[in-house]
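Enquirer: Okay, handing you the structure first.
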Amino acid sequence: MKKSLLLAATLMVASASVQAQEVTPPAKAQIEVYNGSSYSYATYDDEEWQAQVAIAGNQMYIKNIFPNMQNTKWIVGTISNGKVVFAGGQAIGEQDQSLMGGSDKYTDCTFYGVNENFEDTDATFSWNESTKTLKSLDYELASYTQLGGGYNDMFDGTSDPSATLTLVGTGEIVDPEPTAPKIYLRGEFNEWGTTHEFVAGSEEGVYTVSLDELSGVFKIATEDWSTVDLGGNAGDALTVGTPYSLVEKGANLVLTTTVKNAVVTYNANEKTVTVTGDVPGLTYYMKHAWGTGLDADWSWKELTDNGNGSYSVVALYGGTGVNVNTVASDAGATWFPEPNVVDPSEAQSTIHLSEVNIGDECTFTYWKDNNFVEIVKSVATGVNDLNVKASQVYKVVENGQVVIVKDNARYNVAGQMIK
């Protein structure tokens, strides 16, 4: 009985414990098609197939080294003195004998050389660099399946010392699979850098990035700002939880709300972006030329929540309009121009003034629901040299209705508080 047939029927359970580690060629390594052929006493005589070979320095990578293996995994060997040695136990993929007319299929196979004592060894090939030719030098080449410990002699030279398994380069280069560019969320929050990379999700074409907190302006872009540069329409602001249609090389995306535990989802299929997360109680900020002349300070001041839909700050009136936003940023802010009138009914829901002069200390109040700003002068009482605000009462017209405003409360003409 031929030794190869005996071996083919032998279970090598010990080999099933080998933990094969997958390898891949370096990204810049050129992959070439090699024609494979074999003549041996083994089952697969005079077979032809194609393999892939990549060389990087003194390392050679081969995929599909046997004729009936699926092209799923690479093995790597070391080139030295006209030989290439592949360490035994490397993963080679799935053995599918149906490709060669058989019926068996094995997964998680590993690759070995076999010596004359039928011991597992490294696999050694001669290597002719000028002709790009590999020829097996082992007594046998074998694969083992880790599921069940099955053994199969893929090449057998026991009956004919001249038998070989040969791989010859064709000069045909395998086109590398295109690598998707890395895409980042870039904005004020990370100084427009590339620290926040989008990660692919379970759905193809959908990517996410998570942040502890997000607000302000940002874009979706690659590192070079040319392969991908996605923004929005000027003047638009994102709504939390609502997909927004992106614009190629558009204006900065604007998020006026501070979102905690933010997740930004970029859907490349629909070309949209969605921001989700936790939205705490809103904080409002106001920007104005606080003060007079050279002392005017165009800065953002945080407003105090009065608990009635209004937000206030006490500061010096500078004679200009004001910006209001939920973040201290001009992006997405609402501009309230100075009305240049004393009668609040003519302010047209912009700024309501009450006998205010430039340089006066005033209370600036933003009424969120009615979307207007009121500026009321603080009155000094002289008590303990402290400035306190006297009650201010005046009449305004809103939506055709007369409203009486006293301090931060609003009443109708019947004296009932408007909530």
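Enquirer: So what's the net charge close to Asp120: Lys and Arg +1, Asp and Glu -1, counting the other residues with Cβ under 11 Å from its Cβ? Walk me through the numbers on the way to the answer.
Expert: Working: positive: none; negative: Glu119, Asp122, Asp138, Glu140.
Residues close to Asp120 contribute a combined charge of -4.
Enquirer: Ranking Trp74, Trp192 by Cβ neighbours within 10 Å, fewest first, what do you get? Mind showing how you got there, number by number?
Expert: Numbers: Trp74 22, Trp192 15.
The most exposed by this proxy come first: Trp192, Trp74.
Enquirer: May I pose another question? Of Lys73/Lys135; Lys28/Lys219; Lys260/Lys368, which sit over 29 Å apart, Cα to Cα? Don't skip to the end; give the middle numbers.
Expert: Values: Lys73/Lys135 20 Å; Lys28/Lys219 31 Å; Lys260/Lys368 22 Å.
Pairs exceeding 29 Å: Lys28/Lys219.
Enquirer: Same structure, new question: Name the residues whose placed amide hydrogens come within less than 5 Å of the amide hydrogen of Thr320, ignoring near sequence neighbours (fewer than 5 apart) on the same chain.
Expert: Ala289
Enquirer: With the cut-off at 1.5 for a/c, could you classify the stretch 184-278 from its C-alpha gyration tensor as rounded, prolate or oblate?
Expert: Working: a/c = 1.17, a/b = 1.06, b/c = 1.11.
Rounded.
Enquirer: Can you pull the one-decimal nm distance between simple spin-label points at Ser226 and Thr283, each 7 Å off the Cα toward Cβ?
Expert: Rounded to a tenth, the inter-label distance reads 4.1 nm.
Enquirer: Taking the Cβ of Gly359 as the centre, find all other residues whose Cβ is under 12 Å away and add up their charges (Lys, Arg: +1; Asp, Glu: -1).
Expert: Values: positive: Lys377; negative: Asp295, Asp360, Glu361.
Neighbourhood net charge equals -2.
Bear in mind these aren't lab numbers, they're just calculated from the coordinates by the rules spelled out. Everything numeric here is computed off the predicted structure, so don't read it as measured data. Virtual Cβ from ideal backbone geometry, glycine too; neighbours counted across all protein chains shown.
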